[in-house]
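**Q** Submitted below is the structure of interest, expressed as structure tokens.
Just so it is clear, none of the values below were taken in a lab; they were calculated from the coordinates. Owing to the predicted nature of the structure, the values given are computational and were not obtained by experimental measurement. Cβ atoms come from the backbone with ideal geometry, glycine included; neighbour counts cover every protein chain shown.
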Amino acid sequence: MSLIIKEIRVKSILTKSGIPGVDYCINPYTGCSHGCRYCYATFMKRYTGHTEAWGNFVDVKINAPEVLQRELKRKEKGRAIISSVTDAYQPLEGRYKITRQCLEVLLQHQFPVDILTKSPLVLRDMDLIKRFEDIEVGITITTDDEAIRKVFEPKAPPIAARINALKTLHDHGIKTYAFIGPVLPMDPEALLKKIIPHVDSIIIDRMNYTSKTLQIYQRMNLHKWLNKGFVEDIIQRLRKGFAGKPVSIC
């Protein structure tokens, strides 16, 4: 099925956040073409009127930058995360540049920013990112196994491209972190070796929506990854391997 793209106008773009340490969320798109099988944000469908499968539609908030400019003039300064229920650097961003325009507005006000994405497209905006006084960029990397990535994150960028994005950001002096969430089947030591040199901190999150992926685990004979004790051991191996750097476990 081809991607359904809809241009919409919104009344607000800067929303209150329930994420610890984050005051606001900015989501330039509704829906995400990455189509990750475990995605918690599928609940957003109920607010859109879309009946298509998650990953097959994206609503583009074409007036987001101008709305953000208006909101920042009256909002108390606080930390904003881009994004919480979509990927702000999914492929459509290459065409629409909504995220880039929002960053330009945030930069005018020097709002503290946290960017979380799976996409190396974030490197396009390095010129803006380097001008922020307080910014952090996280790259989601859930496994070291590309075959696993293709099953669980079928339309998301390859692991190597994400690691290279982390490296490039880190080499340019940008504060970076890896978000290992959800923890997918992996060799934790192999993943550690690849990402440790390129991050300042790590966030680890469990698979909290196993029901979405249960059939995948069963079909691929990955039953042990459904065992909480086994997964907790993997998490502790990750935590131990990152000794010396801040580690948060959700």
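**Q** Considering only L226, L184, L103, give the residue with the highest GNM mean-square fluctuation for the chain, with springs between Cα atoms whenever their separation is below 10 Å.
**A** The residue with the greatest mean-square fluctuation here is L226.
**Q** Based on C-alpha coordinates, I'd like the Rg and Dmax of segment 143-250, in Å.
**A** 14.0, 43
**Q** Take the chain, mark every one of the GluC sites (Glu not before Pro) that falls in a DSSP loop and has at most 10 other Cβ within 10 Å, then report the longest stretch left between them, sites excluded. Kindly include the intermediate steps, with their values, before the conclusion.
**A** Working: sites that count: E76, E133.
Here the longest run is 134-250.
**Q** Once the convex hull of the alpha carbons of the chain is built, what does its volume come to per residue, in cubic angstrom? Write out the running numbers ahead of the final one.
**A** Details: hull volume 31.0 nm³, N = 250.
Output value, Cα hull per residue: 124 Å³.
**Q** Run the simple label-point estimate for I8 and N227 please: 7 Å along Cα→C-beta, distance reported in nm.
**A** 4.4
**Q** Between L214 and R131, take the C-beta separation as r, use R0 = 51 Å, and let me know the FRET efficiency to the nearest 0.05. Mind dumping the intermediate values first?
**A** Numbers: r = 45 Å, r/R0 = 0.89.
FRET efficiency, L214 to R131: 0.65.
**Q** First measure r as the distance between the Cβ atoms of T51 and E104, then evaluate 1/(1 + (r/R0)^6) with R0 = 51 Å and state the FRET efficiency to the nearest 0.05. Present the calculation step by step, with values, prior to reporting the outcome.
**A** Numbers: r = 35 Å, r/R0 = 0.68.
E between T51 and E104, to the nearest 0.05, is 0.90.
**Q** Taking the alpha-carbon distance from K212 and a cut-off under 16 Å, which aspartates and glutamates remain once sequence neighbours fewer than 8 residues away in the same chain are dropped?
**A** Filter leaves E153.
**Q** If eta is 1.306 mPa s and T is 10 °C, what Stokes-Einstein diffusion coefficient results for segment 1-87, Kirkwood Rh from Cα pairs, in µm²/s? Walk me through the numbers on the way to the answer.
**A** Numbers: Rh = 13.8 Å.
Reported coefficient: 115 µm²/s.
**Q** Ok, one more. Quick one: among K61, K73, K155, which has the greatest mean-square fluctuation in a GNM of the chain with alpha-carbon springs under 10 angstrom?
**A** K73
**Q** Distance between Cα centroids, segment 186-250 to segment 107-169: provide it in whole Å.
**A** Using only Cα atoms to place each centre, the spacing works out to 19 Å.
**Q** OK, next. Cα to Cα, under 16 Å, and not fewer than 8 places away if on the same chain: which aspartates and glutamates meet these conditions relative to K193?
**A** Correct list for K193: D144, D145, E146.
**Q** Show me the ranking of peptides 168-177, 83-92, 208-217 by mean Cβ neighbours inside 10 Å, starting with the highest. Present the calculation step by step, with values, prior to reporting the outcome.
**A** On the way: 168-177: 17.2, 83-92: 22.8, 208-217: 14.1.
Result, highest mean Cβ count within 10 Å first: 83-92, 168-177, 208-217.
**Q** Percent relative contact order of the chain, based on C-alpha pairs within less than 8 angstrom and at least six residues apart?
**A** On the way: 454 pairs, mean separation 40.5, N = 250.
The value is 16 percent.
**Q** Still on this model: Between their Cα atoms, which of K118/K194; K16/K155; K73/K130 are more than 18 Å away from each other? Mind showing how you got there, number by number?
**A** On the way: K118/K194 16 Å; K16/K155 29 Å; K73/K130 23 Å.
Distance filter (> 18 Å) returns K16/K155; K73/K130.
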